[in-house]
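The structure appears below as structure tokens.
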Amino acid sequence: MIYSEDEHLMISGIQHFVFCRRQWALIHIEQQWEENLLTADGRIIHENVHDSGFHEKRKDIIYTRGMAVASPTLGVSGECDLVEFHKSDKGVPIFRYGGTFDVIPVEYKRGKAKEDESDIMQLTVQAMCLEEMLCCDIPYGFLYYNETHHREKIILDDVKKQKAVKILHEMHDLRQKGYTPKAKRTKSCNACSLKEICLPALEKSKNVADYISKYMEDF
Ligand code: SF4
């Protein structure tokens, strides 16, 4: 299947979807958003990194920031914080720099490595877009965390790529139906930037449920 540009999902939405499907739907289907300290922090990190169109070559590596990427077959588009092109014998030809290069995406994140796979899935989809655009294989990329100042090497194998495809199918399906999953309180809710919007609905539905069960007891 080939998706039109109108149908494209934002790659950055994958992290929301993996964190909580409802959070993704509130932002990307219902366009609701509340900035808190955590999201503001993340946005500033990305603004600093995303110097779109910047590229330079140092020794055998070309650094490209804010590279626009898309995949019509996955139906996604977005930007990569940083793509490194490392000179190698079997990589992608870049005539301007004379030679062939391996393609390595690097995504910058606030905090430290997460327990869930939200960052990994985002990086995986960026790599899949680059693979489609540049006709190459990308076996690994990096996640850089500003709290630990550490780059974590992420192996981008078929298992992760298949999982990413499954997630994207689910996202397309929900968006097509315009369906926002119901609120379900989990430990993720404490760190959620949308809890003020989302949880009152949960509280309300709880009260209704309580009311109904109490009403039934009265009979
Ligand atoms: S408050 Fe909880 S259920 Fe609601 S969007 Fe956030 S993480 Fe999801």
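At a glance:
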item: Vicinal HN-Hα couplings computed from phi for the stretch 16-27 (Karplus, 6.51 cos²θ - 1.76 cosθ + 1.60; Hz; Gly/Pro x); result: 5, 4, 5, 5, 6, 4, 5, 4, 4, 5, 4, 7
item: Protein accessible area in the stretch 52-166, 1.4 Å probe - carbon and sulfur %; result: 53 percent
item: Under the Karplus curve 6.51 cos²θ - 1.76 cosθ + 1.60, θ = phi - 60°, whole-Hz ³J(HN,Hα) for the stretch 71-82, x wherever Gly or Pro sits; result: 9, x, 6, 8, x, 9, 8, x, 10, 9, 4, 8
item: FRET E, pair ARG58, LYS112, Förster distance 22 Å, beta-carbon r, rounded to 0.05; result: 0.20
item: Chain lengthening between SER88 and ASP158 when straightened (0.36 nm per residue, less Cα-Cα); result: 22.9 nm
item: Contour minus Cα-Cα distance for GLU30 and THR186 (0.36 nm per residue); result: 54.0 nm
item: For PHE101, distant residues with modelled amide H under 5 Å away; result: SER88, GLY91, VAL92, ILE94
item: Nearest-10 value in Å² for the accessible area of GLU30, using the 1.4 Å probe; result: 80 Å²
item: Calculated over the stretch 5-180: convex hull of Cα atoms, volume per residue (Å³); result: 120 Å³
item: Under 27 Å from LYS114, Cα to Cα: lysines that are on another chain or at least 8 residues apart; result: LYS153, LYS160, LYS161, LYS163, LYS166, LYS182, LYS184, LYS187, LYS195
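The values are calculated or read from the model by the stated rules, or taken from the named source; none is laboratory data. Being a predicted model, the structure only gives us computed values, none of them experimental. Positions of Cβ are generated from backbone atoms using ideal geometry, with glycine treated the same way; all protein chains shown enter the neighbour counts. Ligands, DNA and RNA are excluded from the accessible area calculation, which covers all protein heavy atoms including side chains. Shrake-Rupley method; radii C 1.70, N 1.55, O 1.52, S 1.80 Å.
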